[in-house]
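> First the structure, then my questions, so here it is.
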Amino acid sequence: MMPLPLAIALAHLSARKRQTLVSVLGVALGVGVFIAVGGLMQGFQGYFRSQIIETNPHILMTDEIRRPAPQPLQLLHPAAAVAISRILPRDPVRGISGAGAILAALDAMPGVAAAPTLRGQAILRRAGRDYAVTVLGIDVARELRVTNLTKDMVQGSLQALATQPNGLVLGQALAGKMGASLGDTVVAATSAGGEHGLRIVGLFNTGLEQQDQSIVYVPLAQQQSMQGRPRVVNEIHLKLADITRSIPTAAAIEGRFGFKTAPWEETYARVLSVFRLQNLVTYGATGSILLVAGFGIFNIISTVVLEKARDIAIMRSIGLAARDIVAVFLVEGLVVGVLGVLAGSGVGFGLATLMRQMPSPGATDPSQRLLVVQSVPLYGLAAGLALATALAAAWLPSRRAAQTDPLDVIRGAT
Amino acid sequence: MTPALQAVNLTRVLPGPVPTTLVAGVDLAFAAGSFTAISGPSGSGKSSLLYLLGMLDHPTQGEVRLFGEPTAALDDEQRARLRLERFGFVFQFHFLLPEFTVLDNVLLPMRKLGRLGTSAMRAHAMALLDALDMASCAGKLPAALSGGQRQRAAIARALANDPAFIMADEPTGALDTRNAAAVFAILGGLARQGRTVIAVTHDQGLAATADRRVRLVDGRVVADDAPVAVPAGGGGGTD
Ligand SMILES: Nc1ncnc2c1ncn2[C@@H]1O[C@H](COP(=O)(O)OP(=O)(O)OP(=O)(O)O)[C@@H](O)[C@H]1O
Ligand SMILES: [Mg+2]
């Protein structure tokens, strides 16, 4: 036989089928929307995150120094009350000095791959039009160890830069805009002066707007001569075997070499903070649906408590304890919650399946569908929130039911 | 012999701007297996006395002793347990749970007590209903019963956990003469089984069928045709 509180709870609810149904639907709606929208958000963010991680260095060392080196005066009198203001970091020729030694040291670190890069601006000229781009001069052999760009190559290859001293690899989108294709030549101009003919040897398509439109790759030596900075490197790109170690590894490297070394989380801090805001808004909005559903549960249970005052009194007089009464109404909330979670999981699954058939907006590949994550933790979170809401909503009226003196009711009725 | 149930200087005052005295210094003892009818004018405190004796209410003064044991120190949980195991209540209105069948209503106290298995509980409930001529109504909802049937169902439920005490507050108030007499006959039978039965009634004819008649006026006992002698120190536990 089922436990007494459950039996009484079910009897109460089944005597109020319509009201119960409305409450269940409220919870189901909250859970369903939570699962669908949360899954969409996770899918989108996960895709974006993996694109960032795949197409960017896990750790980026640049030729900046966060803190100026301690001044000789401070070193001389470490304990003295000396304040030196307006120190400008000495940086006549920007660049990572001793890059060769740093690369050698990084190579010796297990699970770390490093590649030197010279980043600079250039104008690409084609058919009388100018396109401002960021040029990355790369050491092809080393770059292949830190980049996943090869995966996104649609024509030609990144490796071709190794054999083509004036080779150029750029996004398909940018090439399309310029009306250039593989094998064509474009002219690059830089602030260092001079014009350089570059030959397109590869086209990529990462799906990341900024990458596809404004980042181009040339061999390191070519970039150094274009920028007028022979033998200079201003970035070192690192890839880790274990991405979760990015923050401490970056800190250790910066501590050792002094150059600003940022894990991808820092480089993309703004994107990540947008994600956080997005999550806050999404879960806040879906959570408030659950909150409204909670009011529905509160409403139905409060009604039952009022209507059943006589029954509660008789149960107490028979010998059911106050906590049995609490249990009855908590179970009622739980039953509505569980039914809502079950129905809502179906709704969420249905919505997610539907969305997965919709084309992904802004995708470069038209056959690409919306990415909607469907995971046990997501369903679990939705269920947990819904059940917690249901229990909280049932708690208040059930306390009141238990605290009512049965004698007041019995006295009034006889 | 120690009385089964004993009121000692039992007093209940409702607090308020003008405190109302419901029960005023009642001393009454009830022998096991006795059938007592309590009567008195409306508002004389009959129901209030029954609630005190049945562990539903707390006295402001005095105490209730159960087989000689004081009950004042019991907490709400323990009092609920006592009601469940020892007391069966029958009220003027049947107070059955409307969503449950007669059988399920009778099963309710047994399920809470949890001493019997499912089939044993059902068998016991059916036996109780059968003894009250209610077996044919076991599957019916209270709404489908007549007044007399409802009251008999309520009696069956009061008997579910084989209580030592039956507290009936005007159990015949809503019944016609024939049904009222039947209910009192049932109560008398329960007393002969060894249960202590206390029934409130206005009806002098019905009261006459009990072993003993107690009359209350203004919360005081004014007449008692078979007082129970309490042995000195009985239940006080001082010697
Ligand atoms: N909640 C209450 N607030 C104020 N007074 C009350 C309350 N309950 C009972 N009383 C008063 O207490 C007194 C005793 O009431 P009680 O119900 O015990 O009498 P009774 O003998 O059972 O009456 P009846 O025959 O009408 O059932 C009455 O005067 C009644 O008006
Ligand atoms: Mg009364």
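Quick note: the coordinates plus some simple rules give every number you see, no bench work behind them. This structure is a prediction, so every number in the text was calculated from the model and none was measured. When we count neighbours, we look across all protein chains shown, and the Cβ atoms used for this are built from the backbone with ideal geometry, even at glycine.
> When Lys and Arg each count +1 and Asp and Glu each count -1, what net charge do the other residues less than 14 Å away from residue B:59, Cβ to Cβ, add up to?
Once positives and negatives cancel, what remains is 0.
> What is the packing order of peptides A:203-214, A:276-287, taking the mean over residues of other C-beta atoms within 10 Å and listing the highest first?
A:203-214, A:276-287
> Once the convex hull of the alpha carbons of the protein assembly as shown is built, what does its volume come to per residue, in cubic angstrom?
In the protein assembly as shown, the Cα convex hull volume per residue is 287 Å³.
> Shifting gears a bit: Convert each backbone phi in region A:7-12 into a coupling constant with the Karplus relation 6.51 cos²θ - 1.76 cosθ + 1.60 (shift: θ = phi - 60°), then list the ³J(HN,Hα) values in order as whole Hz, x for Gly and Pro.
My calculation for region A:7-12 gives 4, 5, 4, 5, 4, 4 Hz in order.
> Still on this structure: Which residue, B:201, B:11, B:101, tops the fluctuation ranking in a GNM of chain B built on C-alpha contacts under 10 Å?
Comparing B:201, B:11, B:101 in a Gaussian network model of chain B, the most mobile one is B:101.
> Ok, one more. What is the mean number of Cβ atoms from other protein chains located within 10 Å of the Cβ atom of each residue in peptide A:318-326, rounded to a whole number?
Per-residue shielding by partner chains comes out at 6.
> Along the charge dipole of region A:218-320, which of A:228, A:261, A:277 sits closest to the positive end, that is, farthest toward it, with unit charges on the beta carbon of Lys, Arg, Asp and Glu (+1, +1, -1, -1)?
A:228
> Going by amide H atoms built from the backbone, whose H comes under 5 Å of the H on residue B:213, apart from near neighbours?
Sorted by chain and number, the residues that satisfy this are B:37, B:225, B:226.
> Would region A:190-261 count as rounded, prolate or oblate if I go by the C-alpha gyration tensor, calling it rounded below 1.5 in a/c and otherwise prolate when a/b exceeds b/c, oblate otherwise?
oblate
> Taking a point 7 angstrom from the Cα of residue B:141 along the C-beta vector, which residues in region A:12-29 have backbone N less than 13 Å away?
Residues A:12-17 fall inside that zone.
> On C-alpha positions alone, give me the angle between the axis of helix A:99-108 and the longest principal axis of chain A, in degrees, nearest 10.
50 degrees
> Sort region A:22-158 into rounded, prolate or oblate with this rule: let a ≥ b ≥ c be the square roots of the eigenvalues of the Cα gyration tensor; rounded if a/c is under 1.5, and if a/c is not under 1.5, prolate when a/b is larger than b/c, oblate otherwise.
Oblate.
> Something else: Please give the FRET efficiency for residue A:51 paired with residue B:218, using the beta carbon to beta carbon distance and R0 = 60 Å, rounded to the nearest 0.05. Write down the numbers at each step before the final one.
Details: r = 88 Å, r/R0 = 1.47.
Between residue A:51 and residue B:218 the formula returns 0.10.
> Go ahead and run the numbers for FRET between residue A:195 and residue A:155, Cβ-Cβ distance against an R0 of 25 Å, rounding to 0.05.
Details: r = 25 Å, r/R0 = 1.00.
Plugging the Cβ-Cβ distance into 1/(1 + (r/R0)^6) gives 0.50.
> So, counting K/R as plus one and D/E as minus one, what does the shell of residues with Cβ under 14 Å around residue A:322 add up to?
Within the 14 Å Cβ shell, the charges total +3.
> So what J values fall out for region B:219-230 if you push phi through Karplus, 6.51 cos²θ - 1.76 cosθ + 1.60 with θ = phi - 60°, rounded to Hz, Gly and Pro as x?
x, 10, 6, 10, 8, 8, 8, 8, x, 9, 6, 9
> Put +1 on the Cβ of each Lys and Arg and -1 on the Cβ of each Asp and Glu in the protein assembly as shown; which of A:102, B:88, B:145 then has its Cα farthest toward the positive end of the dipole?
In the protein assembly as shown, that residue is A:102.
> Could I ask something else about it? Counting only the backbone N, which residues of region A:253-267 are under 15 Å from the spot 7 Å out from the Cα of residue A:65 toward its beta-carbon?
The answer is A:254-261, whose backbone nitrogens lie closer than 15 Å to the label point.
> Same structure again: Suppose R0 equals 25 Å. What FRET efficiency, 1/(1 + (r/R0)^6) with r the Cβ-Cβ distance, do residue B:127 and residue B:181 give to the nearest 0.05?
The calculated FRET efficiency here is 0.60.
> Give me the dipole magnitude in Debye, nearest 20, for chain A about the Cα centre, with unit charges on the beta carbon: positive for Lys and Arg, negative for Asp and Glu.
I would put it at about 460 debye.
> Let me ask you something else. Compute the Cα gyration tensor for region B:66-198, then decide on rounded, prolate or oblate, letting a ≥ b ≥ c be the square roots of its eigenvalues: rounded whenever a/c is under 1.5, prolate when a/b is larger than b/c in the other cases, and oblate in all that remain.
oblate
> Would you mind checking which residues have amide H under 5 Å from residue B:166's amide H? H placed 1.01 Å from N; only 5 or more apart, or other chain.
B:88, B:196, B:197, B:198
> Please give the net charge around residue B:92, taking every other residue with its beta carbon less than 12 angstrom from that of residue B:92, where Lys and Arg add +1 and Asp and Glu add -1. Intermediate values should be presented prior to the final figure.
Details: positive: A:411, B:46, B:150; negative: B:169, B:170.
So the environment of residue B:92 carries a net charge of +1.
> Just to check I understand the Karplus step: with θ = phi - 60° and J = 6.51 cos²θ - 1.76 cosθ + 1.60, what whole-Hz values come out for region B:19-33, glycine and proline as x?
For region B:19-33, the Karplus curve yields x, 9, 8, 8, 10, 10, x, 7, 10, 9, 10, 10, 7, 4, x Hz.
> Only four residue types carry charge here, +1 at the Cβ of Lys and Arg and -1 at the Cβ of Asp and Glu. Report the dipole size of region B:3-79 about the Cα centre in Debye, rounded to the nearest 20.
280 debye
> Quick one: which residues, 5 or more positions from residue A:204 or on another chain, have an amide H under 5 Å from its amide H? H modelled 1.01 Å from N in the peptide plane, none for Pro or chain starts.
Hits under the 5 Å cutoff: A:154, A:170, A:171, A:172.
> While we're on this one: Would you mind checking the tilt of helix B:102-113 against the longest principal axis of the Cα atoms of chain B, expressed as 0 to 90 degrees and rounded to 10?
50 degrees
> Here's a follow-up. Run through the DSSP bridge list for the protein assembly as shown and note the antiparallel percent, rounded to the nearest 5.
65 percent
> Quick check: the angle from helix A:17-55's long axis to the longest principal axis of chain A, C-alpha only, nearest 10 degrees?
Helix A:17-55 sits roughly 10 degrees off the main axis of chain A.
> Follow-up question, since we're still on this one. Over chain B, what is the relative contact order in percent, taking alpha-carbon pairs closer than 8 angstrom and at least six residues apart?
Relative contact order for chain B comes out at 31 percent.
> Quickly estimate the mean residue ellipticity at 222 nm for chain B, helices only: each DSSP H run with n ≥ 4 gives -39500 (n - 2.57), and the total goes over all residues, rounded to 500. Don't skip to the end; give the middle numbers.
On the way: 7 runs with 77 residues, N = 239.
Result for chain B: -10000 deg cm²/dmol, rounded to the nearest 500.
> Pairs of Cα atoms under 8 Å, at least six residues apart: use those to get the relative contact order of chain A, whole percent.
Over chain A, the number comes to 28 percent.
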